[in-house]
1. Quick one: count up the residues across segment B:345-364 that are modelled with pLDDT of 95 or more and not in a helix (DSSP H, G or I).
2. Considering only helices (runs of 4 or more DSSP H) fully contained in segment A:1-104, which possess at least 1 residues that are within 30 Å of B:V403 (Cβ to Cβ) and modelled with pLDDT of 90 or more?
3. Residues B:L44, B:L90, B:L101: which one is within 14 Å of chain A (Cβ to nearest Cβ), in a helix (DSSP H, G or I) and under 14 Å from B:L424 (Cα atoms)?
4. Which condition breaks for A:W146 when tested against (1) surrounded by fewer than 21 Cβ atoms within 10 Å (Cβ to Cβ); (2) away from every other protein chain (no Cβ under 14 Å)?
5. Considering only segment B:104-131, how many residues are part of a helix (DSSP H, G or I) and either closer than 24 Å to A:K187 by Cα or of a type in the set (A, V, I, L, M, F, W, C) (or both)?
6. Here is a check on your reading of the model: is B:A367 surrounded by fewer than 23 Cβ atoms within 10 Å (Cβ to Cβ), out of contact with any strand residue (DSSP E or B) (no Cβ under 8 Å at 6 or more places or on another chain), in a helix (DSSP H, G or I) and within 10 Å of chain A (Cβ to nearest Cβ)?
7. Could you say which residue among A:F16, A:F115 is crowded, with 18+ Cβ neighbours inside 10 Å and either over 25 Å from the mean Cα position of the chain (by Cα) or at negative phi (or both)?
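The values are calculated or read from the model by the stated rules, or taken from the named source; none is laboratory data. These numbers come from a predicted model, not from an experiment. Counting neighbours? That spans all protein chains shown, and the Cβs are built from the backbone with ideal geometry, glycine included.
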Amino acid sequence: MTKELRRVSLVVAAMFMSLFLAGTLLQAVDTEALANDPRNVRNIYESYKTQRGPILVDGKPIAESIAVDSAYRYLRTYDNEVYSGVTGYFSVFRGATGIESAANSYLSGQSSSQFFEQVNAVLSGNPITGAAVELTLDPSLQQAAWDALGDYRGALIAIDPVTGNILAMVSKPGFNVNRIAGHNSEKVSEKYVELESDPANPLINKTIGGDLYHPGSVFKLVVAAAALESGEYNNASTFPNPVSVQLPGSTSEVFNSSRNTCGSDSTVTLSYALRYSCNVPFVELGLALGQDRLRAQAELFGFGKEIRVPMLATPSVFPEEMDDAQLGLSSFGQFDVRVSPLQMALISSAIANGGLMMQPNLIESVISPNLSVISSPQPEVLAQPITAATADALKKMMVQSVSKGVASNASVYGVKVAGKTGTAENGDNERVTLWFTGFAPSINPKVAIALVVEDGGGRDSGASGNGTAAPVARSFFKAVFGQ
Amino acid sequence: MNPLTEALQISKLIKVVPRSRNLEALLLFFAAGLNAFEIAQIQLSILEKITTDLFTYWFPPIAFAFVLHLILRRRASEADPLILPIAVALNGLGIAMIYRLDLASIASGGAELFAVRQVMWTALAMAIAAIVISFVPSQLFLRRYVYVSMAVGIALLLLPLVPFIGTTINGATLWISFFGVTFQPGEIAKIALIIFFAGYLVNRKDSLAVVGRKILGVRIPRGRELGPILVIWLASIGVLVLQRDLGTSILYFGLFLVMIYVATGRAFYAGIGVAMLITGGLVASRVLDYVSRRFDSWLNPFDQENYDAVGGSYQIVQGIFGMANGGLFGTGLGGGVPQLVPLAESDFIISSLAEELGLIGFFAILALYFLLVARGLKVGFRHNDEFAKLMAVGFAFVIALQVFVVIGGVTRILPLTGLTTPLLAAGGSSLLANWIIIAMLLRLSDSAADRQAEVSIR
């Protein structure tokens, strides 16, 4: 038996050797890759050992860590649901989103600019305190945007077109972030599952992320910009004015939303077509320009680019390799064109700012616990998608759109508002998506906005951009101008 | 002087000076100190103060361990001095980790606590180990009950399938429950079956080793000698199908293979057994849904679909994250977040420990197991009685195989199965069974030393 026993002993030794090896692989070789897996939430746990910095708006905390008598030491508390889309959450069980995630290195005190404090913390044995992050948001405008959207599902973003600072960023419905930041795992899980399965998607900041939207007629701004930039067209360029146009290579026809001609003349100008948001002339224009020029203009405006505010916005999409029928549909923002409200606000802000598109930005400054300013982002030009002349021509058309066109419900007494509405279809029997984008005042603009109302504003039929979205813009602009 | 009386006197003298027992006492003090240190570190790290709970979780197992030690001094003074301290160190480390996970659970509002129950089960298990050592004078006593063991083993195995008392947990039907206490009779069945296998194989080893015809250079036993291995194979398949537990199935079959190989010296059995194991596994992975899911989670755990699936790879991936988080030196006890892993206190206690004690701690734990198994195998080498030899191999190998299957499952050497990590993991039945195994190894090591002493004097 001794020989057999010896062999069994060797087998046992081999079994243990393989365990030693497997453990070494996990704990000494693959460690880095495993630590960086997004499903690994251990970094978040680590951060509970330090007091996380607050997120401030106008000097007042909208999110802060309060010392509590529990194993986690600090409880993250959030002030107001109005900001839920911006802050996102910082949760022991669910990770971090929003500014909590994008500015995490500052908030947790781990950024390289806090190096000396980190050294000091190690030497003194005191835990490091995170830096405060002050946002560019204007609390009164944020509240105004929240109130203006009312019970609609959707989003509103307002940007200062000169600096790129984001003044309001609202996503609806919001959620009570405190319920996700709690320390009771069962309660948090329950709430999280409830929010995640909610068809209204409260957890998503709809201004920059989640599913993008069909732009519908607000995309006509991009088509018009491409036409003006080509040098072949101006505001007065004319197009044939039939009741409908047949999409090339297809039997389907495109109508204007009036189901009639665009005005009573046999031809229609670009300016008139944009003011009344007629589809037929824009299909003709889009087909004449071709998809390459449209895509080039869209990309200049930021389509397909990763823009950080500092949260990463989902890039907007202009489809590739379309046939002419698809190009025709894309020319008024249907087919597979998809945009974020941020993208539309950037287009309006470029038009407002003489063709210069500023880098959108949420962070005003980062202040270390000893009150020194660690970082204060300065205005930066993101791109110049259009010339000043094109911007001016587009501005004129948008002002008319509000003053005497189909964006009339956005008008505000005593202020010249420039704007464009959109009513995007999402397929048969689906509720429409309603848009407004624009800026005010038209001279020396203070604010450029884009807002989206999902789900037809709760109506199965009859909803329109001017009927639903433009009034939201109006009440927001009223707040901006103190009315 | 009559040479016989002289021999008796010398052997008495040897018993009067149990040097191994003094070594055992010393090592027990060391294990006790280590254990106190572990719990203290956990309290300082998580609660930032030492509380009287330290005593609650530390003292009872240590007290019982010294009682066991005193019984060994009287009843098995030549027993191996390493086995008891190793078992105590592992058991105490397990309690410390379970207590640490309880603290994390309390912090996040959880109510289900395990450490107190673990301490109570430990005390009970050590008491039963003491009874075994006191009332089983030698292996000869057990030899009378070989077939009784078989009946008991099979009955215990089948018990969970009995309606009303059988209970299914996490998909496996391995438990019985009465008055709210769940118990896994298969753990005790393991011991009964080892006794039975050893007795049966000693009686039949000659006929089992008889060589039949030679085919392709390999000597094949006669057809009817394949009977026993087929029966065990079918029984293991039965466990797999009826009780839905891959780990237990592999455990019984692997155990029998090793014992029949050691008893007969026929490599043929090992060869055909491994072939049968692989065939069974492959067929099961095709036919049985839960086995195929286990295999898929094993091979592609990071695949998002497997990760999200119910009963998928979430647990194993979280366990791996934990081990990676520990790195070389670990986060320190109380410094990591092992509570993120489901069943961190039982099936995944090794990843909890590896996270907080690091690769170094992981190695140390494996080394303790390895030493424990080696001491068991040493009894097998040294004992003169074949029945005792086989039992020692069985008990040592069952610990080794269990460690390999569980830790191999956590570290992705094997598909994950539901076995418990001996002595460490939370769970009463497993503790009870493993302490009986420890008691048996102590008993056998004592008689091995006895026999050798006699032989050398003659």
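1. Count: 0.
2. Once the helices (runs of 4 or more DSSP H) in segment A:1-104 are filtered for at least 1 residues that are within 30 Å of B:V403 (Cβ to Cβ) and modelled with pLDDT of 90 or more, what remains is A:2-24.
3. On the way: B:L44 fails: under 14 Å from B:L424 (Cα atoms); B:L90 fails: within 14 Å of chain A (Cβ to nearest Cβ).
Matching residue, one of B:L44, B:L90, B:L101: B:L101.
4. Checking A:W146 against (1) surrounded by fewer than 21 Cβ atoms within 10 Å (Cβ to Cβ); (2) away from every other protein chain (no Cβ under 14 Å), the one that fails is (1).
5. 18
6. On the way: surrounded by fewer than 23 Cβ atoms within 10 Å (Cβ to Cβ): yes; out of contact with any strand residue (DSSP E or B) (no Cβ under 8 Å at 6 or more places or on another chain): yes; in a helix (DSSP H, G or I): yes; within 10 Å of chain A (Cβ to nearest Cβ): yes.
Yes.
7. Values: A:F115 fails: crowded, with 18+ Cβ neighbours inside 10 Å.
Every option except A:F16 fails the conditions.
One line per residue, one yes/no per condition, for (1) within 7 Å of another protein chain (Cβ to nearest Cβ); (2) under 16 Å from A:I180 (Cβ atoms):
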site: A:T24; (1), (2): yes, no
site: A:Q27; (1), (2): yes, no
site: A:K49; (1), (2): no, no
site: A:R52; (1), (2): no, yes
site: A:V68; (1), (2): no, no
